[in-house]
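**Student:** What follows is a structure written as structure tokens; I'll ask about it next.
The values are calculated or read from the model by the stated rules, or taken from the named source; none is laboratory data. If you're wondering where the values come from, they're calculated on a predicted model, not measured in any experiment. In this analysis, Cβ positions are derived from the backbone assuming ideal geometry, glycine residues included, and neighbour counts consider all displayed protein chains. When the accessible area is computed, the model is the full protein with side chains, heavy atoms only, and any ligands, DNA or RNA have been set aside. Shrake-Rupley method; radii C 1.70, N 1.55, O 1.52, S 1.80 Å.
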Amino acid sequence: MGVETRPLSTLHERTSYDVADFPVPTGREEEWRFTPLRRLRDLHKGAEADGKVVVDVDAAPEVKVETVGRTDERVGKAYVPADRVSAQAYASFAQATLITVPKEVVATSPTVVTLRGEGGVAFGHTTVVLEPFAQATVVLDHIGTATYADNVEFVVGDGASLSVFSLQNWADDAVHLSHQHARLGRDAKFTSFTVSLGGDVVRIAPSVAYDAPGGDAELYGVYFVDKDQHIEHRLLVDHTTPNCRSRVDYRGALQDEGAHTVWIGDVIIRAEAEGTDTYELNRNLVLTDGTRVDSVPNLEILTGEVAGAGHASASGRLDDQHLFYLQARGIPHDVARRMVVRGFLGQLVDKITVPDIQEQVRTAIDKELDR
């Protein structure tokens, strides 16, 4: 399949399954200028697979799980790679994990996909299909160490509802670049929650497309960035059909020298997408000197007939007045600091509907604050 060009956002101007259709990034391109290419271990230059990421699926009893080859017609239909690393991942994976929730089935427990890196370079692909009026929760838990690139497809059928939790619990030396794309049918509901805590370089690109009116997408994210760590989230919500909704809310904290977070939020409302209701928000809390925040919300509106559209971004230090208020009531400085950070991130953590994951995230945030 050849290159498909897009006349709108320069950040997503082409898609193709062919690696050769994407030039090797130099770092001067808009879509790569924040990413430390020298730390990607040649993922952007055609690194060959010499490692392993083991995929283990603990599925709900109503859910069907298959391991399929790359020629399976159900794989690769919902998403076409939008950059060179994504195309490399698509061209290089040997087997895909295919998860199917049958029509009108309500899964009684989360389906947990554990991806455990065992070192070296590896590529992967996951496809999750919800047939019409199905309901399910899927957890993607990334652990261990690897230099890993993958694509994830979420196909949400008419009237179906999917909640996804993507956890980046990698070891400190891991590199992970991932595209996670959702395609929504009529009146479909998609909720995504990305938690990025581990890894040396992590770049996650969630995206949403709508096939019919009534689609509803909510994308949340929590991240905590430490010394010399690079965590990047690049979102795209492409409103192409009328009367759809999207909400984006990502929040992070940074501490120690060299901690770097990047958040790019792109929302496109095309001319035919009348009645769109969208809002995106990014907030960052800077805890020490020596950190860097890049936050860029982008909103392209090509029709005047929208229900609502807006975006906001804010980054700043701990509020001294908040700390003083708590300390004046006898609370030690370290405890007060922890309370403020937990309150800031907790507004999103409270939205996690799986109790075990919610507790896991709270514990991980506490460990970050103890460093």
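**Student:** Ala273 fails exactly one of the following numbered conditions: (1) open to solvent by less than 30 Å² (accessible area, probe 1.4 Å); (2) among the small types (Gly, Ala, Ser); (3) under 25 Å from Lys367 (Cβ atoms). What is the number of that condition?
**Tutor:** Failing condition for Ala273: (3).
**Student:** Considering every residue within the stretch 348-360, establish whether at least one is under 17 Å from Trp263 (Cβ atoms) and among the charged types (D, E, K, R).
**Tutor:** no
**Student:** Next up: Would you mind stating whether Val63 is at pLDDT 95 or above, open to solvent by less than 40 Å² (accessible area, probe 1.4 Å) and more than 19 Å from Ser178 (Cβ to Cβ)?
**Tutor:** So Val63 fits the description; yes.
**Student:** Follow-up question, since we're still on this one. Of all residues in the stretch 223-240, how many are part of a loop (DSSP other than H, G, I, E, B) and either open to solvent by less than 30 Å² (accessible area, probe 1.4 Å) or of a type in the set (A, V, I, L, M) (or both)?
**Tutor:** Within the stretch 223-240, residues that are part of a loop (DSSP other than H, G, I, E, B) and either open to solvent by less than 30 Å² (accessible area, probe 1.4 Å) or of a type in the set (A, V, I, L, M) (or both) number 2.
**Student:** Report, by residue number, each residue of the stretch 111-169 that is out of contact with any helix residue (DSSP H, G or I) (no Cβ under 9 Å at 6 or more places or on another chain) and of a type in the set (S, T, N, Q).
**Tutor:** Answer for the stretch 111-169, where residues must be out of contact with any helix residue (DSSP H, G or I) (no Cβ under 9 Å at 6 or more places or on another chain) and of a type in the set (S, T, N, Q): Thr111, Thr114, Thr126, Thr127, Gln135, Thr137, Thr145, Ser161, Ser163, Ser166, Gln168.
For every residue, the table says whether it meets (1) crowded, with 20+ Cβ neighbours inside 10 Å; (2) more than 24 Å from Trp32 (Cα to Cα); (3) under 19 Å from the mean Cα position of the chain (by Cα).
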site	(1), (2), (3)
Asn284	yes, no, yes
Asp289	no, yes, no
Leu299	no, no, yes
Gly304	no, yes, no
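**Student:** Identify all residues within the stretch 43-71 that are within 30 Å of Ile264 (Cβ to Cβ) and without any contact (Cβ under 8 Å) to a residue 60 or more places away in the chain; write none if there are none.
**Tutor:** Selection gives His44, Lys45, Gly46, Arg70.
**Student:** Could you pull out the residue among Gly51, Gly46 that is out of contact with any Pro (no Cβ under 8 Å at 6 or more places or on another chain), modelled with pLDDT under 95 and open to solvent by less than 90 Å² (accessible area, probe 1.4 Å)?
**Tutor:** Details: Gly51 fails: modelled with pLDDT under 95.
Of the residues listed, the single one that is out of contact with any Pro (no Cβ under 8 Å at 6 or more places or on another chain), modelled with pLDDT under 95 and open to solvent by less than 90 Å² (accessible area, probe 1.4 Å) is Gly46.
**Student:** Quickly run through the stretch 334-371 and pick out the residues that are open to solvent by 90 Å² or more (accessible area, probe 1.4 Å) and either touching a Pro at 6+ places or on another chain (Cβ under 9 Å) or not charged (D, E, K, R) (or both).
**Tutor:** Correct list: Met339, Gln347, Thr353, Pro355, Asp356.
**Student:** Give Leu115, Leu140 a once-over and let me know the one that is aliphatic (A, V, I, L, M), in contact with a Ser or Thr (Cβ under 6 Å, 6 or more places away or on another chain) and surrounded by 17 or more Cβ atoms within 10 Å (Cβ to Cβ).
**Tutor:** On inspection, the qualifying residue turns out to be Leu140.
**Student:** When the residues of the stretch 190-222 are narrowed to those that are part of a loop (DSSP other than H, G, I, E, B) and over 19 Å from Leu345 (Cα atoms), which ends up most open to solvent (accessible area, probe 1.4 Å)?
**Tutor:** Asp211
**Student:** Hey, another quick one. Out of all the residues in the stretch 241-255, is one or more at pLDDT below 95 and open to solvent by 20 Å² or more (accessible area, probe 1.4 Å)?
**Tutor:** Checked the stretch 241-255: no residue is at pLDDT below 95 and open to solvent by 20 Å² or more (accessible area, probe 1.4 Å).
**Student:** Just name the residue that is surrounded by the fewest Cβ atoms within 10 Å (Cβ to Cβ) out of those in the stretch 146-170 that are of a type in the set (Ser, Thr, Tyr) and within 25 Å of Gly51 (Cβ to Cβ).
**Tutor:** Step by step, filter the stretch 146-170, then rank; the result is Ser166.
**Student:** Can you tell which of Asp158, Asp173, Asp187, Asp141 is closer than 22 Å to Ala364 by Cα and not in a strand (DSSP E or B)?
**Tutor:** Asp173
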